[in-house]
């Protein structure tokens with residue numbers, strides 16, 4: 001074996017990367033002194049890209065395929081080294097493999113509540129969280145802007161920065177959207193697409209893209225949620241006076257059934273005194289001949305006032321409202337509300353044209369029709 005054959009065998013012939021992890025984004029091909037044999041085979045698999053760094057400068061980028069490392073398919077590296085077509089010697093370069101597949105099920109969430117003005121609740125705070133996916137769209141830019149000389153770069157090293165960008169754009173978009181808090185759950189898909197589009201410009205500067213972004217939940221502070229639950233319960237109860245009496249009776253019954261409870265004993269004495277007082281009042285109502293007069297009819301409480309229904313309207317891709325029926329009547333008169341305007345109110349199944357809602361269709365028949373022709 002000649003000395004040239006010995007040296008030739010010392011250099012690598014095949015360059016490739018088989019990723020057995022789920023979070024590695026960049027891996028540097030390790031070789032002592034970074035010596036690559038001229039004519040070696042480079043295998044770049046689907047979902048990968050290979051980037052050559054020569055003497056600290058970005059050289060060629062290889063997409064998926066099988067390559068023979070020669071001057072004809074390494075134009076930038078050939079220019080940097082001033083190689084001629086007769087070059088046959090080994091050369092020194094660093095090779096970085098970049099994963100271009102999607103990294104899925106990554107988490108994001110608001111660390112602190114976001115302040116916004118809600119058309120129904122006024123100033124309020126919300127929190128949100130969800131998932132997103134990210135992929136390397138420009139391997140060369142990603143390597144120069146983020147990775148540097150890191151021999152093995154993982155998703156954990158960039159996920160914190162991406163989360164901060166998502167939260168920043170989410171806060172700005174949700175505050176400017178004007179969507180009521182109660183309607184946000186129905187618009188999470190549109191909000192996710194809107195935020196992903198807003199983030200794309202900033203993320204592209206890192207050589208990344210976000211193919212998908214999902215909003216799993218938007219929540220109010222616990223105190224606001226408790227008040228909202230009470231408001232819902234009052235609406236379901238109907239008669240607030242009867243609901244209060246029923247709640248008090250339930251509480252007294254539960255306390256009286258608690259053994260060895262001072263509260264139960266006190267409530268029991270109170271109930272007994274109330275029954276005695278009721279019997280005394282009944283006895284006092286006995287007539288002079290022992291006949292009991294007919295009990296006076298208890299006054300009937302008036303029903304609760306009806307809750308005024310309000311509507312939201314969709315205009316130019318934005319949600320406006322809520323508006324009362326009287327306000328919508330004025331809008332119909334000045335033409336800002338038409339029969340084709342999309343409207344929605346609580347309990348309604350999706351958006352409908354104003355003319356398809358019975359309460360609003362009458363607004364367009366108030367004005368008289370055009371007069372008949374003269375003569």
Would it be correct to say that residue 16 is over 23 Å from residue 206 (Cβ atoms) and at pLDDT below 65? no
Mind counting the residues in region 319-355 that are out of contact with any helix residue (DSSP H, G or I) (no Cβ under 8 Å at 6 or more places or on another chain) and loosely packed, with under 12 Cβ neighbours inside 10 Å? 6
Criterion first (in contact with a strand residue (DSSP E or B) (Cβ under 8 Å, 6 or more places away or on another chain), touching a residue at least 40 places away in the same chain (Cβ under 8 Å), in a helix (DSSP H, G or I) and more than 16 Å from residue 215 (Cβ to Cβ)) does residue 174 satisfy it? no
Criterion first (part of a helix (DSSP H, G or I) and modelled with pLDDT of 90 or more) does residue 162 satisfy it? yes
Among the candidates 111, 107, residue that is in a strand (DSSP E or B), modelled with pLDDT of 85 or more and not assigned by TED's automatic domain parsing to the domain that holds residue 35: 107
I need a count of the residues in region 201-250 that are in contact with a strand residue (DSSP E or B) (Cβ under 9 Å, 6 or more places away or on another chain), at pLDDT 85 or above and part of a helix (DSSP H, G or I). 1
If you take the residues in region 184-218 that are over 16 Å from residue 131 (Cβ atoms) and within 13 Å of the chain's Cα centre (by Cα), which one is surrounded by the fewest Cβ atoms within 10 Å (Cβ to Cβ)? 185
Pick from region 171-181 the residues that are over 19 Å from residue 159 (Cα atoms) and under 14 Å from the mean Cα position of the chain (by Cα): which of them is modelled with the lowest pLDDT? 177
For the structure I just gave you, tell me whether residue 96 is in a strand (DSSP E or B), within 13 Å of the chain's Cα centre (by Cα) and either outside the structural domain of residue 317 (by TED's automatic domain parsing) or surrounded by 17 or more Cβ atoms within 10 Å (Cβ to Cβ) (or both). no
Quick check on region 72-88. Is at least one of its residues part of a loop (DSSP other than H, G, I, E, B), modelled with pLDDT of 80 or more and surrounded by fewer than 16 Cβ atoms within 10 Å (Cβ to Cβ)? no
Is at least one residue of region 151-158 under 15 Å from the mean Cα position of the chain (by Cα) and surrounded by 14 or more Cβ atoms within 10 Å (Cβ to Cβ)? no
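The values are calculated or read from the model by the stated rules, or taken from the named source; none is laboratory data. Model, not experiment: these values are computed from the prediction. Glycine also receives a Cβ, built like all others from the backbone with ideal geometry; neighbour counts cover every protein chain displayed.
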